[in-house]
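Here is the structure we will look at.
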Amino acid sequence: MTHAPFIAVEGPIGAGKTTLATMLSTEFQLPIIKEIVEENPFLDKFYRNMDDWSFQLEMFFLCNRYKQLEDTVMQYIDKGKPVISDYHIYKNLIFSERTLKGTKRDKYRQIYHVLTDDLPKPNVILYIRADLDTLLKRIDKRGRSFEDAMDTAYLQQLIEDYDEAMTSLAIREPSTPIITIDGNKVDFVENKDQFAVIALQVKEHMQ
Ligand SMILES: Nc1ncnc2c1ncn2[C@@H]1O[C@H](COP(=O)(O)OP(=O)(O)OP(=O)(O)O)[C@@H](O)[C@H]1O
Ligand SMILES: Nc1nc(=O)c2ncn([C@H]3C[C@H](O)[C@@H](CO)O3)c2[nH]1
């Protein structure tokens, strides 16, 4: 590990990233970096018309995450302090490769690499996998109105994109451990023992 633990929780929409990252942050007294959702002016428009709004939305996410990552580096990573985040910057590419087409996709990819290639990346990843039924139930339970318009085929596609992306990340960065959690079976919210197993795995990577 080249720097203090920088832990990222990842997984498709509604997998439980923010929930788990918050629980781990409390357990280990770690500062947490959370996704900006409510202030996002494009999500509502995007779910109603993905083709029209995808570029604006992806750029918004990228710029916000870039700023958060810059701040995280200054406040924690450069000072050798551990930190947990409810996303990995790589998710920008997972989503944009799915939502953008043609020249916009090419331009976005270039901007992504220019902005992020030289920044430190998380060195421990928790990947929550879950199938469509589980995700739909959780998204429904959370009840964000703009997600009512989400296409289930899009969500299913993202589940598969995430699996591919995590496999390719494991090959490209073999020194970064990926702890995979079966979100269909493991209930870290209601079951304390199941949370304890995850917390123990994370602790092993914090030494
Ligand atoms: N293991 C679990 N068991 C039951 N409910 C869960 C579990 N994990 C998360 N939830 C619930 O599912 C909903 C979605 O969780 P959360 O917001 O943490 O997902 P997320 O992955 O951060 O979502 P997004 O991708 O939209 O940012 C919340 O209502 C949360 O309370
Ligand atoms: N298109 C797209 N690109 C992203 O980088 C991205 N990151 C998150 N999301 C969506 C999922 C939830 O609805 C909501 C909150 O996570 O925002 C994204 N959508």
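The values are calculated or read from the model by the stated rules, or taken from the named source; none is laboratory data. Computed from a prediction, not measured in an experiment: that's the story for all the values here. All Cβ positions, glycine included, derive from the backbone under ideal geometry; neighbour counts span all protein chains shown. Areas reflect the complete protein model, heavy atoms only, side chains present, ligands, DNA and RNA absent. Shrake-Rupley method; radii C 1.70, N 1.55, O 1.52, S 1.80 Å.
Any idea what the dipole of region 119-197 comes to, in debye rounded to 20, about its Cα centre with Lys/Arg Cβ at +1 and Asp/Glu Cβ at -1?
Charge dipole of region 119-197: 340 debye, to the nearest 20.
Could you give log10 I(q)/I(0) at q = 0.09, 0.17, 0.19 Å⁻¹ for the chain, computed by the Debye formula over C-alpha point scatterers of equal weight, without solvent?
The computed values of log10 I(q)/I(0) come out as -0.34, -1.31, -1.63.
Please arrange Thr134, Thr116 by accessible surface area, largest first, computed with a 1.4 Å probe and ligands excluded.
Descending accessible area places them as Thr134, Thr116.
Please report the antiparallel percentage of DSSP beta bridges with both residues in the chain, rounded to the nearest 5.
0
Over 26 Å between Cα atoms: which of Lys79/Lys192; Lys137/Lys192; Lys34/Lys101; Lys121/Lys192; Lys107/Lys137; Lys104/Lys141 fall into that group?
Lys79/Lys192; Lys34/Lys101; Lys121/Lys192; Lys107/Lys137; Lys104/Lys141
Under the rule of -39500 (n - 2.57) per DSSP H run of 4 or more residues, summed and divided by the residues of the chain, what mean residue ellipticity at 222 nm is obtained, to the nearest 500 deg cm²/dmol?
After summing the helix terms and dividing by residue count, I get -17500 deg cm²/dmol.
Would you work out which of Leu115, Phe95, Gln157 lies farthest towards the positive end of the dipole of region 79-207, given +1 charges on the beta-carbon of Lys and Arg and -1 on that of Asp and Glu, about the Cα centre?
Looking along the dipole axis, the top candidate is Leu115.
From the phi of every residue in region 98-107, what ³J(HN,Hα) in whole Hz does the Karplus formula 6.51 cos²θ - 1.76 cosθ + 1.60 yield, where θ is phi - 60° and glycine or proline is x?
So the J values, rounded to whole Hz, are 8, 8, 9, 10, x, 5, 5, 5, 5, 5.
For Phe28, what accessible surface area do you get with a 1.4 Å probe? Give it in Å², rounded to 10.
The accessible area comes out at roughly 40 Å².
What is the spin-label model distance, in nm, from Asp44 to Ala199 if the labels are put 7 Å beyond Cα along the C-beta direction?
Once both label points are built, they end up 3.9 nm from each other.
What is the chain's relative contact order, in percent, from Cα pairs under 8 angstrom and six or more apart in sequence?
That works out to 33 percent.
Go ahead and run the numbers for FRET between Ser145 and Lys185, Cβ-Cβ distance against an R0 of 22 Å, rounding to 0.05.
Step by step, r from the Cβ atoms, then E = 0.15.
To the nearest 20 debye, what charge dipole does the chain have about its Cα centre, counting +1 at the Cβ of each Lys and Arg and -1 at the Cβ of each Asp and Glu?
The calculated dipole for the chain is roughly 300 debye.
Dipole of region 69-113, Cα-centred, from +1 at each Lys and Arg C-beta and -1 at each Asp and Glu C-beta, to the nearest 20 debye?
320
For Cys63 paired with Phe28, estimate the spin-label separation in nm (one decimal), with each label point 7 Å from Cα along the Cα-to-Cβ line.
Once both label points are built, they end up 3.3 nm from each other.
Scan around Asn184 for amide H atoms under 5 Å from its own, H built in the peptide plane at 1.01 Å from N, and keep only partners 5 or more places away or cross-chain.
Amide H to amide H, under 5 Å and 5 or more residues apart or across chains, Asn184 pairs with Asp131.
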